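As structure tokens, the structure follows; a few thoughts come after it.
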Amino acid sequence: MPATAPPELIGKTVGDVLVRRPKTLPVDISVDQARACFADDHVHMLLLTESGRLIGTLIRTDLPTDLGGTGLALPHSRMSDRTVSIDMPAEQARLLLLARGQRRLAVVDHDGTIVGLLCLKRRLTGFCSDADVSARSAASTST
């Protein structure tokens, strides 16, 4: 981990570096539907929303392997330690993710409205952009 902030993060906030159009899912998805989303290895966190508000987040380990697939996934979701505000300094958010061993945080405003997704890149020095996500999506549909 670099001792100083990567230059591209200096003076920026989470709002400057987030993915603004993350995929969201309804709160009534089943465990099987959630597992199907995780079949894509680029998917690290599911954002469960209702009327634009983030209600829960899911990561793979939230769904025990012995859990039946027809029930709702929402009761297995969490919000604590998985959200961040849009005005947090980007470097502070990066260091928080590193300290927690995470690579994703949902970005919400003061009333819980989903604003975006903060996605730490594999090299751990910067964040994915909407352009990165679009390019990856285009590449996966062309193969």
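Values as computed for the structure displayed
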{"quantity": "Verdict on residue 43 being in contact with a helix residue (DSSP H, G or I) (Cβ under 6 Å, 6 or more places away or on another chain), under 17 Å from residue 130 (Cβ atoms) and at pLDDT below 95", "calculated": "yes"}
{"quantity": "Test: residue in the range 52-71 that is open to solvent by 30 Å² or more (accessible area, probe 1.4 Å), in contact with a Phe, Trp or Tyr (Cβ under 7 Å, 6 or more places away or on another chain) and in contact (Cβ under 8 Å) with a residue 12 or more places away in the chain", "calculated": "yes"}
{"quantity": "Given (1) without any contact (Cβ under 8 Å) to a residue 60 or more places away in the chain; (2) over 27 Å from residue 11 (Cβ atoms), number of the condition residue 121 does not satisfy", "calculated": "(2)"}
{"quantity": "Residue match in the range 134-142 (condition: assigned to a loop (DSSP other than H, G, I, E, B), at pLDDT below 75 and open to solvent by 60 Å² or more (accessible area, probe 1.4 Å))", "calculated": "yes"}
{"quantity": "Qualifying positions in the range 35-51 - within 17 Å of residue 79 (Cα to Cα), open to solvent by less than 40 Å² (accessible area, probe 1.4 Å) and in a loop (DSSP other than H, G, I, E, B)", "calculated": "45"}
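The values are calculated or read from the model by the stated rules, or taken from the named source; none is laboratory data. In this text the structure is predicted, and so the values were computed from the model without any measurement. With ideal geometry, Cβ positions are generated from the backbone for all residues, glycine too; neighbour counts draw on all protein chains shown. Side chains are part of the model used for accessible areas, which takes the heavy atoms of the whole protein and leaves out ligands, DNA and RNA. Shrake-Rupley method; radii C 1.70, N 1.55, O 1.52, S 1.80 Å.
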